[in-house]
Amino acid sequence: MLDLEWPFLGSEALAAKAVPERAMRALYEAVYPRVYVPWGVELTARQRACAAWLWSRRRAVVAGNSAAALLGTKWVSPTLDAELVHDNRKPPARILVRTDTLAPREIQVVDGIAVTTPARTAFDIGRRTTSRLQAIQRLDALTNATDVTLTDVEAVIAEHSGARGLVRLLRVLPLVDGGTESPQETRTRLVLIDAGLPRPQTQIRCSTNTGTSLPASTWGTRICGSALSTTDRNTGQTVSSATGISTGIAHCPIWAGRSSGSVASCSDTDRARWSLALLLQCRQRDGARDRDGRV
């Protein structure tokens, strides 16, 4: 295959004689009108955003989840349609065109492409994502990648007080935590919060009883005096932060009789429930100690 950077505009490639027309049509397919990618390739969210922007003749501003992908956010689904702020009201399939009014300070340039700023991107994702869980997962990932703050987003809200979806945005915004590093962690954190437990802290530094330092815990709670899980930034593996979640869960009724190795293979929902069971058990234990004055 010819060594062409893609996606690309077919007319520009032909004009520059970068590829013969016959070869272009044999080796590449139009993902959008006039925009070509290699045949059979599955586009990432970032590549689809670039292709959609090229379709607009480089005049649109990439927005929403597409902007999040260009801003370096992980976990953006490649199945989502590209999102643009553009004046063309008749986009092709797999492109969503927004007619939002953007202030100049709500636009920045990433690799030559105009995109909404992290704060404006969070504003749009939070008010347009109907699922509470999905909205918080997406905003967690965005804030983790960009360090955008609640104050930044509130400034955008103040300038667009009449925008649709603000009630939805204001409902999820206080629950966003950029210290969370995966959608599964967001799900578990929300299970704990919805159960009435104290809000988990993220990125907790901890060590073992022998004084060995462990990587920063992705998230945890001080209810039991230790984090539930910790992610090794070098290997990507999840390890225990103290005596271990498998050890703690083994004593919970919901986990009785199961092997500790099953912790890693269980579903996200079950892992969240087992984590909750462990924390509830710890809270009941600690409450009993407080009542009788013993440690």
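Of note:
- Where a label projected 7 Å from the Cα of residue 30 along Cα→Cβ would reach, residues of the range 74-93 with amide N under 14 Å: 92-93
- Applying 1/(1 + (r/R0)^6) with R0 = 35 Å to the Cβ-Cβ distance of residue 131 and residue 110 gives a FRET efficiency near 0.85.
- Relative contact order for the range 1-41: 44 percent, from Cα pairs under 8 Å spaced at least 6 residues apart, divided by residue count.
- Between the beta carbons of residue 21 and residue 99, assuming R0 = 45 Å, the FRET efficiency works out to 0.80 to the nearest 0.05.
- Derived scalar couplings ³J(HN,Hα) [the range 102-107; Karplus, 6.51 cos²θ - 1.76 cosθ + 1.60; whole Hz; x for Gly, Pro]: 10, 6, x, 6, 9, 10
- Radius of gyration (Cα atoms) of the range 49-203, expressed as a multiple of 2.2 N^0.38 Å: 1.03.
- Packing-based exposure ordering (other Cβ within 10 Å, fewest first) of 4, 84: 4, 84
- Mean separation of Cα contacts under 8 Å (6+ apart) over length of the range 45-175, as relative contact order %: 24
- Looking at the range 24-106, the DSSP beta bridges with both ends there are about 60 percent antiparallel.
- The range 53-67 - phi-based ³J(HN,Hα) in whole Hz, Karplus 6.51/-1.76/1.60, Gly and Pro as x: 5, 5, 4, 6, 6, 6, 9, 7, 10, 6, 9, x, 5, 5, 5
- Ranked 86, 160, criterion: other C-beta atoms within 10 Å, fewest first: 160, 86
- When the range 1-143 is described by a simple charge dipole with +1 on each Lys and Arg Cβ and -1 on each Asp and Glu Cβ, the residue from 16, 102, 79 located farthest towards its positive end is 102.
- The range 4-119, Rg to Rh (Cα coordinates; Rh as Kirkwood inverse mean 1/r): 0.98
- Square roots of five times the Cα gyration tensor eigenvalues for the range 1-41, Å: 14, 11, 9
- Were the residues from residue 57 through residue 147 laid out at 0.36 nm apart, the gain over their Cα-Cα distance would be 29.3 nm.
- Exposure proxy ranking, count of Cβ atoms within 10 Å, fewest first, for 161, 182: 161, 182
Any read-out appearing in this document is the output of simple, stated calculations on the displayed coordinates, not a laboratory observation. None of the values given here were measured: they were computed from a predicted structure. Every residue, glycine among them, receives a Cβ derived from its backbone with ideal geometry; neighbour counts consider all protein chains shown.
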